Amino acid sequence: MIFVSNEGITDPRINLAIETYLVQEMPLDEPILLFYINEPSIIIGRNQNTIEEINTEYVEKQGIHVVRRLSGGGAVYHDGGNLNFSFIMPDDGESFRNFGKVTQPIIDALHDMGVEGAELKGRNDLVIDDKKFSGNAMYSTNGRMFAHGTLMFDSDVNEVVNALKVRKDKIESKGIKSIRSRVTNIKPYLTDSHQNMSTEDFRQEILLKIFETDNLDDVNVYKLTEKDWEKINAISDKLYRNWDWNYGRSPEFDLVRRQRFAIGSIEAKMNVSEGEIKEIKLFGDFFGLGEISDVEKVLTGIKYDKESIREAVETIDVKKYFGNIESEDLVGLLY
């Protein structure tokens, strides 16, 4: 494994660009590990409707970055108490959506630090005593992929509550009544010898445990070159500093259908006129492969009746784009 240093950068628009560069262009003879700590930010899932995920007035007042990532899943809040990890690797056809496989090194490291209750639970959450401290997501492109996640080490939980909107159905699906009751930081669960650690100290400790060494000199480190940085900054400008990418157009629709499945929520916003779907946008926190715009194109221009929708949906590889749901589930959502 190779560790890539981000040189202590805390701008999420750069850190996500580093990750994108590594998965798209970095030679990949062995897996790559990237860590980064972001200043206050909301990182939006690939297929989410940004405006509906954030408390806009609060976010703007506090100067919190809002950046859309490449991977699916839900919105997460980052601050200096949050450590983010990313494993970049070949897509072997068996790892995508296999969160157990890619999070095990993190869980093992936490167990070694005294967090015995850390485990993967549900679709993509790491928890301690049923309280979430890590959300995870994946992205695959051209035979390569990354699996990344958050680690709430000593994050400000109040800011998570203030900055994000969380839908009532998502909370109720967990059987609980508030965000505060569902999340936790890792730090209180560490052994006494780790209680004075900073987030940077925590990052170093996790790094050493993943590389199974007590000496940083034994870690295989790659230092980004000037040419690498040129490409990283170009990616940042194209995507993560771009309003259209981070927010995107979200016009008014006259028909909204939303449903929560085991794979996450899917929301369809449609303009239907003269019995035909004139325009459709699909949102959600599902983990899919491919571009959701491909699905939208198939559904645009068809009659808005059940049989026409079913015929169109049957031409779509539903499991590829959304995860483990059936074609009839998507038909039921749309009609």
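Structure summary
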| item | result |
| --- | --- |
| In region 294-306, residue most open to solvent (accessible area, probe 1.4 Å) [restricted to those that are part of a helix (DSSP H, G or I) and at pLDDT 95 or above] | K297 |
| Odd one out for W229 among (1) surrounded by 14 or more Cβ atoms within 10 Å (Cβ to Cβ); (2) under 25 Å from N49 (Cα atoms); (3) without any contact (Cβ under 8 Å) to a residue 12 or more places away in the chain | (2) |
| Scope region 244-258; condition modelled with pLDDT of 90 or more and within 15 Å of N47 (Cα to Cα); matching residues | D244, W245, N246, R258 |
| Helices (runs of 4 or more DSSP H) contained entirely in region 1-108, each with at least 2 residues that are in contact with a Ser or Thr (Cβ under 9 Å, 6 or more places away or on another chain) and closer than 30 Å to D218 by Cβ | 12-24 |
| Qualifying positions in region 1-59 - of a type in the set (F, W, Y), surrounded by fewer than 19 Cβ atoms within 10 Å (Cβ to Cβ) and within 21 Å of V102 (Cβ to Cβ) | F3 |
| Some residue of region 234-252 being in contact (Cβ under 8 Å) with a residue 40 or more places away in the chain, open to solvent by 80 Å² or more (accessible area, probe 1.4 Å) and either outside any loop (DSSP other than H, G, I, E, B) or farther than 22 Å from T150 by Cβ (or both) | no |
| Pairs, first without any contact (Cβ under 8 Å) to a residue 40 or more places away in the chain and at negative phi in region 88-106, second open to solvent by 70 Å² or more (accessible area, probe 1.4 Å) and in a loop (DSSP other than H, G, I, E, B), C-beta under 9 Å, six or more apart | K101/E94 |
| Region 190-200, residues that are assigned to a helix (DSSP H, G or I) and either modelled with pLDDT under 95 or in contact with a His (Cβ under 8 Å, 6 or more places away or on another chain) (or both) | D192, S193, H194 |
| Residue within region 95-103 that is buried (at least 22 other Cβ atoms within 10 Å of the Cβ) and basic (K, R) present | no |
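The values are calculated or read from the model by the stated rules, or taken from the named source; none is laboratory data. These figures come from a predicted structure and were not determined experimentally. Every residue, glycine as well, gets a Cβ built from its backbone with ideal geometry; the counts of neighbours run over all protein chains shown. Ligands, DNA and RNA are stripped out before the accessible areas are found, and what is left, the full protein with its side chains, is counted by its heavy atoms. Shrake-Rupley method; radii C 1.70, N 1.55, O 1.52, S 1.80 Å.
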